[in-house]
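Below: the structure, in structure tokens.
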Number of protein chains: 2
Amino acid sequence: MSMLEPVHKVLQATGHDAIALVPGANFLRVFGKDFHQMERPLVVVVPKSGVPVAVVPNLELGSFAPIGFPGEVFDWRDEDGYMGAFKAAGAALPQLAKGARVGVEGQRMRVFDLLALQEVLSGVTFVDAHAAISAIRLCKTLEEIAALREAIKRSEVALEATLMQVKVGMTEKEVEAILLSELFRAGCDGLSFDPIVAAGDNAAKPHASARADYHIKAGDALLFDFGGRYNHFSADITRTFFVGHVSDHDLAFYDTVLAANTKGREISRPGMTASDVDDEVCKVLERSQFAAFKRHKTGHGLGLDVHEAPQIMRGNNQVLEPGMVFTIEPGLYRDGEAGVRIEDDVVVTENGIESLTMFPRELRVIG
Amino acid sequence: MSMLEPVHKVLQATGHDAIALVPGANFLRVFGKDFHQMERPLVVVVPKSGVPVAVVPNLELGSFAPIGFPGEVFDWRDEDGYMGAFKAAGAALPQLAKGARVGVEGQRMRVFDLLALQEVLSGVTFVDAHAAISAIRLCKTLEEIAALREAIKRSEVALEATLMQVKVGMTEKEVEAILLSELFRAGCDGLSFDPIVAAGDNAAKPHASARADYHIKAGDALLFDFGGRYNHFSADITRTFFVGHVSDHDLAFYDTVLAANTKGREISRPGMTASDVDDEVCKVLERSQFAAFKRHKTGHGLGLDVHEAPQIMRGNNQVLEPGMVFTIEPGLYRDGEAGVRIEDDVVVTENGIESLTMFPRELRVIG
């Protein structure tokens, strides 16, 4: 089987005349190798018919060659700039004439890559085919699920080790430093993203940054949204704890989120749409006394990208299939007071889901 | 002073009718806050005249509000999608009519952001203004240099701690795991990038990935290209060691790179162009017996982005000024055999440069 077979399936499904790929999750899935995305563009164009082309920085050739790319490679050196290589690549794609349509990864390709392609493929229309291209990664292989499981297991070890060290009076930054250190001690080989460690009112911001000047106090919610990477796959876990003690109001608040999370894990199964999952989970929040504090959808796909398809949200009619992996992460946020989110990573099985996240969800008072 | 003053300077310098910003280093410098860039677009448009607008995911409003954005905010919720907010934002920018030019960060903005802007600002031309926008970060403040110095110091502590643990027979992956753990133990609060730990023939690839199946052997070059982040600023350090012993040939190879690195640190001073620095450094390599093994330019700017202006390469006529920070990282790569790179982070002073990197450069045999 050609390594480009998944790309040819996308070409068939979309009817586009070519697909362009840049380094990132889709590139890694197709070619088994990833590259930095900085100031040096690296772009592959796979036409429906004819020879694929790649524009590659000269200093990456040693890493690119082992891929065994089945097409023509145009490299460029720092001192010459990249437009010469793009021009040569464009000339090698005469089939992409005026009126042709090229699908690109809209959420991944940067504008300067697009501008270079537009300059050398005049008259060609570039369309956002992010969803269609990323669909090649929708259903995970057993090997991929094993990597995810390992990333999650190691991340959970790090969380437990961190909790043992949290004390009232520490700053969020101090707790974050402990978590980071523990993630690598647990054997993660990267971070899924910069972790969120947020206490008290900061936990009410879904994507908060840890503060160096806020000292965690008794009664605070303490939210961790984090994950380590293992073998390119990313864990994405959220747990919320209370420090020292928890009020009855916060207990009810927490239990509402937990009920929504539980609902999501109970009802998800193949054949359902992502929209239906979100709808059922959201209803638990919307029918509660805390309906006003809901801010976001239920979850997102998870794999080589931390946020990928399927987006678990109303309006997304993607039908769930075995092998899809996504997060179930309902949350409630009382501005200026507290936030609670409980996030699991689940894989769709033949008759439901299995949660890859094993960390207990029952309310836990720490410190 | 308005927080938008740096953006207005870019507008004046470029003559564009508006500048659009997305989360990232420039956004962080202007607004003092960064945001995740995943599936939810967040875009700010600052017109030459009239009220700036921002399109912001609803769940980020709690983090966005404290910025004190001096303009109109259009938020959108997951269930509604983002085009409604873009349309409202476009309608609030009637001055951006047909023929207007909007500068964007070509190396940072993604294609789906651009497509959304193009849809609601019809007839407007979007141009890559990455260099002009990033120029607001060219000269670092004393506070920024202090953060860089701290990131570098902590990274160097981690490197020394790692070297003490390296033994013949370890895999590159094992050494990488030690380095990652030591970076966070040393108090870094993030990674500048996924580190490169490459031995033997792998060191001949400028951007190699650590292998789990290669055991480091005596006589190998062992190259570390890595950095920890501190307070948003990124260290970027390369040192190459030899394991057990070093051949005379490798010694001459190493000394050639060291001579180029030394040259770069000796000659760089304000008033010189980036092109001249690269030229002088490259000549040391090009006039050596190892000229055929040179693969890349001398270096790049360093700050909130790991690779930013000024690019230290021939053809870049940017004049160096006090406060600019860049890397001096000549390298030589013998395919299939060994690679050596020695990278320092330097700040331009009133009459030369100061190397923020203090780690010794003399050839060191470890393990």
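Read-outs: derived from the displayed coordinates by stated rules, not from any lab. A quick note: this is a predicted structure, and the numbers were derived from the prediction, not measured. Here Cβ is always computed from backbone atoms with ideal geometry, including for glycine, and neighbour counts include all displayed protein chains.
Applying 1/(1 + (r/R0)^6) with R0 = 35 Å to the Cβ-Cβ distance of B:Ser49 and B:Glu119 gives a FRET efficiency near 0.90. Just check the protein assembly as shown against the gyration tensor rule for me: Cα atoms, a ≥ b ≥ c as the square roots of the eigenvalues, rounded for a/c under 1.5, and otherwise prolate or oblate depending on whether a/b exceeds b/c. Rounded. Seen against the Cα atoms of chain A and their longest principal axis, helix A:248-267 is set at about 40 degrees. Convex hull volume of the C-alpha atoms in region A:236-367, normalised per residue: 104 Å³. Here A:Lys283 and A:Glu5 are evaluated by their C-beta separation; at R0 = 56 Å the FRET efficiency comes out at 0.85.
Among the trypsin sites (Lys or Arg not before Pro) in region B:43-147, those placed in a DSSP loop whose Cβ has at most 14 other Cβ atoms within 10 Å are B:Lys98.
The alpha carbons of region A:3-101 stretch over 37, 29, 21 Å along the principal axes, in descending order. Exceedance of the 22 Å cut-off in Cα-Cα distance is limited, within the set B:Lys217/B:Lys263; B:Lys48/B:Lys98; B:Lys217/B:Lys297, to B:Lys217/B:Lys263; B:Lys217/B:Lys297. Extension gain for A:Arg101-A:Asp335 works out to 79.6 nm (0.36 nm per residue, less the C-alpha to C-alpha distance).
Counting Cβ atoms of other protein chains within 10 Å of each residue's Cβ and taking the mean over peptide A:102-111 gives 6.
Taking Lys and Arg as +1 and Asp and Glu as -1, the other residues whose beta-carbon sits under 14 Å from that of B:Gly339 total -4. When B:His16, A:His207 are arranged by Cβ crowding within 10 Å, least crowded first, meaning fewest neighbours, the order is A:His207, B:His16.
Each of B:Glu362, A:Glu308 was scored by other Cβ atoms within 10 Å of its Cβ. Arranged with the fewest first, they read B:Glu362, A:Glu308. Against the main long axis of the alpha-carbon atoms of chain B, helix B:111-120 sits at an angle near 10°. Of interest is the spacing of the C-alpha centroids, which for region B:252-299 and region B:83-107 amounts to 44 Å.
Across the identical copies, the 7 Å label point of B:Val168, projected outward along Cα→Cβ, sits 5.7 nm from its counterparts, in ascending order.
The A:Asp80 and A:Lys33 beta-carbon pair, evaluated with R₀ = 25 Å, returns a calculated FRET efficiency of approximately 0.55. Between region A:1-49 and region B:345-367, the C-alpha centres lie 40 angstrom from each other.
A simple count of charges around B:Val120, restricted to other residues whose Cβ falls under 13 Å of its Cβ and scoring Lys, Arg +1 and Asp, Glu -1, yields -1. Here region B:142-366 is treated with +1 on each Lys and Arg Cβ and -1 on each Asp and Glu Cβ, and its dipole about the Cα centre works out to around 380 debye. Hull volume per residue, based on the alpha-carbon atoms of region B:73-153 and their convex hull, is 153 Å³. For region A:63-171, the dipole from Cβ point charges (+1 on Lys and Arg, -1 on Asp and Glu) about the Cα centre works out to 380 debye, to the nearest 20.
Modelled spin-label separation between A:Ala65 and B:Arg364, with each label point placed 7 Å from Cα along the Cα-to-Cβ direction: 3.2 nm.
Between region A:136-194 and region B:122-169, how far is it from one alpha carbon centroid to the other, in angstrom? Cα centroid of region A:136-194 versus Cα centroid of region B:122-169: 24 Å apart. Overall, region A:16-132 carries a charge dipole of about 360 debye about its Cα centre when +1 sits on the Cβ of Lys and Arg and -1 on the Cβ of Asp and Glu, all other atoms neutral.
Partners of A:Lys140 within straight-line reach, counting lysines whose Cα lies under 19 Å from its Cα and excluding those fewer than 8 residues away in the same chain: A:Lys9, A:Lys33, A:Lys153.
The other copies place their A:Glu266 label points at 7.6 nm from this one, listed shortest first, where each point is 7 Å from Cα along Cα→Cβ. By the gyration tensor of its Cα atoms, with a ≥ b ≥ c the square roots of the eigenvalues, what is the shape of chain B: rounded for a/c under 1.5, prolate for a/b over b/c, or oblate? Prolate, since a/c reaches 1.5 and a/b exceeds b/c. For chain B, the longest principal axis of the alpha carbon atoms and the long axis of helix B:142-163 meet at an angle near 40°.
Near B:Asp250: Cβ cut-off under 12 Å, other residues only, Lys/Arg at +1 and Asp/Glu at -1. The net charge is -3.
Ranking A:Leu148, B:Ala116, B:Val246 by how far each Cα lies toward the positive end of the dipole of the protein assembly as shown (charges on Cβ) leaves B:Ala116 at the top. Applied to region A:63-79, the Karplus parametrisation 6.51 cos²θ - 1.76 cosθ + 1.60 on θ = phi - 60° returns per-residue 3J(HN,Hα) values of 8, 7, 4, x, 4, x, 4, x, x, 8, 10, 10, 9, 9, 9, 3, 6 Hz, with x for Gly and Pro.
Shortest first, A:Arg101 label-point distances to identical copies amount to 3.2 nm, with the label point at 7 Å from Cα along Cα→Cβ.
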